1. When residues of the stretch 69-94 are filtered for being farther than 14 Å from Val139 by Cα and under 12 Å from the mean Cα position of the chain (by Cα), how many remain?
2. Condition test on Gly88, is it within 23 Å of Ser135 (Cα to Cα), touching a Cys at 6+ places or on another chain (Cβ under 6 Å), of a type outside the set (D, E, K, R) and in a helix (DSSP H, G or I)?
3. Does Thr13 qualify as being out of contact with any Asp or Glu (no Cβ under 7 Å at 6 or more places or on another chain), under 30 Å from Ser110 (Cβ atoms), part of a helix (DSSP H, G or I) and polar (S, T, N, Q)?
4. Determine which single condition Leu71 fails, assuming it passes every other condition in (1) part of a helix (DSSP H, G or I); (2) touching an Asp or Glu at 6+ places or on another chain (Cβ under 6 Å).
5. List the number of the failed condition for Ala14; all other conditions in (1) farther than 25 Å from Ser130 by Cβ; (2) in contact with a Leu (Cβ under 7 Å, 6 or more places away or on another chain); (3) modelled with pLDDT under 90 hold.
6. Take the conditions surrounded by 14 or more Cβ atoms within 10 Å (Cβ to Cβ), at pLDDT 95 or above and out of contact with any Ser or Thr (no Cβ under 8 Å at 6 or more places or on another chain) and apply them to Ala57. Does it pass?
7. Assuming Ala63 fulfils every condition listed in (1) touching a Phe, Trp or Tyr at 6+ places or on another chain (Cβ under 7 Å); (2) within 13 Å of Ser110 (Cα to Cα) apart from one, which condition is it?
8. How many residues, within the stretch 77-119, are among the hydroxyl-bearing types (Ser, Thr, Tyr) and closer than 19 Å to Ala42 by Cβ?
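The values are calculated or read from the model by the stated rules, or taken from the named source; none is laboratory data. Being a predicted model, the structure only gives us computed values, none of them experimental. FYI the Cβ positions are ideal-geometry reconstructions off the backbone, even for glycines, and counts take in every protein chain you see.
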Amino acid sequence: MGEVMAGILSSLTAGFPILIAHFLLTIGLLVLAVMVYIRITAHDELQLVRDGNNAAALSLAGAILGLAIPLASCLAASVSLLDILVWGVITLLLQLLVFWAMDRTVRNLSRRIEEGEIGPAILLVAVKLSVAAVSAAAVSG
């Protein structure tokens with residue numbers, strides 16, 4: 001039993017710093033991507049959420065999940081910090097492109113979210129999560 005425990009402790013000692021580094025890089029990418037997303041939208045989603053706008057809350061929640069899902073796959077499939085960084089940035093750019101495309105497809109998307117319309121926000125979330133699922137699968141192979 002002592003050898004098994006020593007092996008587990010050795011594995012933990014070697015692997016834990018790597019786990020923490022990969023986790024922190026992934027969380028950092030997520031926070032950065034959410035900040036970029038909030039800056040590029042034509043409306044101030046955080047302020048709208050603070051004001052009780054459910055459409056903005058739904059849209060922002062979809063954005064965060066849409067950014068996190070492929071990052072989680074990057075983390076699961078990664079072999080190095082550089083691997084997470086490269087694939088993470090690619091998947092995040094895809095999500096930002098989704099918002100841009102939806103903004104051009106759904107007439108007055110930002111204004112409609114500002115006005116609290118749930119329908120366009122639901123459609124935006126569905127597209128974000130669909131692209132997130134597909135890009136997550138592509139990353140994980």
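1. Residues that pass the stated criteria total 0.
2. yes
3. So Thr13 fails the test.
4. (2)
5. (2)
6. Yes; evaluated as a whole, the condition is true for this residue.
7. So Ala63 meets the others, but not (2).
8. Matching residues across the stretch 77-119 total 2.
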